[in-house]
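Heads up: the structure comes next, in C-alpha cells.
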Amino acid sequence: MSHVSGLHWVKSSFSDEGGNNCVEVAATQEGIALRESESPAEILSTGSGALSALLRSVKSGLPGRWSE
C-alpha cells in the first residue's frame, strides 16, 4: 500500500464500548485497508473483490479458498 496517511478509518459496528477491541477498514486507491485498533500501525491491504468473497464465505459458514 503506497499511501496510508489521511485514510478515513471506520470501526466495525460490533466493536466494544472501549473502542480498542475492533477491526477498522478504510478505502484506498488500491482497494481496502484493514487494521486492528490495538495495533493500528499493522495494516493489511486487499482488493474489494477478495474481501467480499471472504465475508460471503464466513457468513455462509462454508470454508473458502482462503482457508486451504
Inset, instruction - Compute the length gained on full extension between Thr28 and Leu44: take 0.36 nm times their separation in residues and subtract their Cα-Cα distance, giving the result in nm to one decimal. - result: 4.6 nm
Inset, instruction - For Leu7 and Ser57, calculate 0.36 nm times their separation in residues minus their Cα-Cα distance, and state this gained length in nm to one decimal. - result: 15.3 nm
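No lab work stands behind these numbers, since they all come straight from the coordinates. The shown structure was predicted, so the numbers you read here are calculated from the model rather than taken from an experiment.
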